[in-house]
1. Farther than 30 Å from Val508 by Cβ and outside the structural domain of Leu556 (by TED's automatic domain parsing): is that true of Val349 in this structure?
2. Just to be sure I understand the filter: pairs with C-beta atoms under 7 Å, separated by 6 or more residues or on different chains, first member in the range 489-505 and surrounded by fewer than 16 Cβ atoms within 10 Å (Cβ to Cβ), second member not aliphatic (A, V, I, L, M). Which pairs pass?
3. For Leu574, indicate whether it is touching a residue at least 40 places away in the same chain (Cβ under 8 Å), among the aliphatic types (A, V, I, L, M), touching a His at 6+ places or on another chain (Cβ under 7 Å) and in the same structural domain as Ser462 (by TED's automatic domain parsing).
4. Among (1) at pLDDT below 70; (2) under 30 Å from Thr485 (Cα atoms), where does Ala166 come up short?
5. Determine which single condition Ser246 fails, assuming it passes every other condition in (1) surrounded by fewer than 23 Cβ atoms within 10 Å (Cβ to Cβ); (2) closer than 24 Å to Met419 by Cα; (3) among the small types (Gly, Ala, Ser); (4) at pLDDT below 90.
6. Return only the number of the condition from (1) in the same structural domain as Phe593 (by TED's automatic domain parsing); (2) within 26 Å of Gly323 (Cβ to Cβ); (3) of a type outside the set (A, V, I, L, M, F, W, C) that Ser435 does not satisfy.
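The values are calculated or read from the model by the stated rules, or taken from the named source; none is laboratory data. Note that the structure is a prediction, hence the values are computed from the model and not measured. A quick note on method: Cβ atoms are made from the backbone with ideal geometry, for glycine too, and the neighbour counts reach across all protein chains shown.
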Amino acid sequence: ERTDTSTCRPHVPDSRRCQVPPTYECPLVLLSLCLVRVSMELRGFLGSSRRSPLPLPPRPRSQLIRSAPKCHHLPALLVTPRLPSPTGATLRVGTPISTCANGACFSAAAAVAAVAAVAAVAAPPSRWRVVCACGAGSGAPEETRGPSPDLDREGMNRGAPGVPGAPGVSLREPAVESPNIWRQMKEIAVFAGPAAGLWVCVPLMSLIDTMVIGQGSSLELAALGPSTVFCDSLCYVFMFLSIATSNMVATSLAKKDRSLAQRQISMLLFVAFICGLGMFLFTKFLSTRMLTAFIGLENVHMVPAASTYVQIRGFAWPAVLVGMVAQSASLGMKDSLGPLKALAVASAVNGFGDILLCCVFNYGITGAAWATMLSQIIAAFMMVQTLNKTGFTALPVSVPSPKELVQIYEIAAPVFVTMTSKVVFYSLLTYFATSMGTITVAAHQVMINVYCMCTVWGEPLSQTAQSFMPELMHGANQNLEKARTLLQSLIIIGALTGLTLGVIGTSVPWFLPYIFTTDNLVIGEMHKVLLPYFIGLMVTPSTHCLEGTLMAGRDLKFLSSSMLTCLCFGSLLLLVCGRSFGLPGCWWALSGFQWARFSAASLRLTSPHGMLYNKKFYHQDLIKVKAT
């Protein structure tokens, strides 16, 4: 052992300093010292914990050492008996000469009992150290021995047969070494790369329809706008099913409960199918009225073409929602490549169908609707097949009980509020821009389309957090340090992605504005909003990381309430800045809205009482979600 030669036994020569005196080799002397020590601490010992029934092993030997204490509750002088174990490993336990300042006594018998309980189990070697009952490190010599299955997470024996918990002593495993952050970022990229394709494929299908139909009738091209908005917006409303699925499945798998995960998948597939049937009936009987109200009486000539497109795509609603749940279940299992293959095939089918039906057979918007509907059904079928390959079955579906419906509602309702808040803010943004004239709204439409295409690349980071975080935060292998490291990696990737997207997103309208419009007045309005556009886009991917972590931790009440607060804040900025500064003021309000979301989520996650620092955050009373 290493000792402090400057303070240990200064009355002896240097050659003999810190050496063990011969008297300490005698077992009787050691036993006498232990008995005296126990008698001195008898009052505190009996008052704080139980006496261990395990006797001291025969023929121990000890030596006095002076160790630098790591806990201010413990003195530096320790007695270190060496105990032989049944497997031949040497056991050491540090015993302080006086009691802990918190009143929890370390007696020699207590320490020996705790280490003997660990020594009785032959397990793979791991490193342990004796600590004070107050929870701080004692600075005692470390012990190499396998942990007992009867020891809890803090190392205390909670009921091993014949070995009661040692008084005032616990065995704690040292902190796990932080994983290599670059290796972790590589793992994130492997998952998030294919996941990015999932988010890009959906707007890509609409873009293919637009490009093909644009080569034909201008009327059908104009009708395609409200039609795709009608279909895509309603689909976005049902994203709560997707998030609830990935959240519930990832949490169940983190707790090593595959049967519960299977039950949840079957139950959510049933809910998705019922919702799909409801949406089919809704579009069949009410789509014409909804489109007429949306388009307006002055453009009523576009309603027949738009209604035909919406009703044909309505046949795919059950398949769309079932495929959405199956895709989210695969993502909850950290499988992003399988769903990407399904959507890639669906996009290829959509493109081929559009060219065949619209360009060859001249079916126009009707052909585009049939091609999209067929591709969505194929995508749903392949999603279900991908899910079956993971060991889970999509059929038969399960009817949820009322209690399970409440559980889905508790998760889905706050997510619905969160998404609705985003939709409302962007709708208000477009409303304020529309009131400023044709030139202004044209410039805004170009910039908001480019902005939305850029923000899609931040969604995979949110999905990564929802898939990987539950296991680390409240799973069977809970490790908050690794969770914090993972979030750090996500934020770094998000910041780099945000800067890259900001540079690209501002460079295209600045250097290549004529690919969008040839009107110099519109281009001038576009250039006015580039600075707030860049500032708002830069922080968006990191915001997605933080909000995905909150979803993974099921801190949904805070997420929905903070989003409502940000909506009120952003709406106030729109009202003030939009009227005072025109379109640039509206975009500064958007930038403030994004930074408010980032600030609220980051403050929540960095709080010492939050989910990443407090192990008791997931106590049953704390995680119960109240949906408004």
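1. no
2. Ala495/Ser542
3. no
4. (2)
5. (1)
6. Result: Ser435 fails condition (2) only.
Results for (1) free of Cβ contacts under 8 Å to residues at least 40 places away in the same chain; (2) under 30 Å from Glu471 (Cβ atoms); (3) of a type in the set (Phe, Trp, Tyr), shown as yes or no for each residue.
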| position | (1), (2), (3) |
| --- | --- |
| Asp335 | no, yes, no |
| Gly338 | no, yes, no |
| Ala344 | no, yes, no |
| Ala348 | yes, no, no |
| Gly351 | no, no, no |
| Asp354 | no, no, no |
| Leu357 | yes, no, no |
| Ala369 | no, no, no |
| Thr372 | no, no, no |
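This table checks each residue for (1) assigned to a helix (DSSP H, G or I); (2) among the small types (Gly, Ala, Ser).
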site: Ala379; (1), (2): yes, yes
site: Val384; (1), (2): yes, no
site: Pro396; (1), (2): no, no
site: Leu405; (1), (2): yes, no
site: Glu410; (1), (2): yes, no
site: Ala413; (1), (2): yes, yes
site: Val423; (1), (2): yes, no
site: Leu428; (1), (2): yes, no
site: Phe432; (1), (2): yes, no
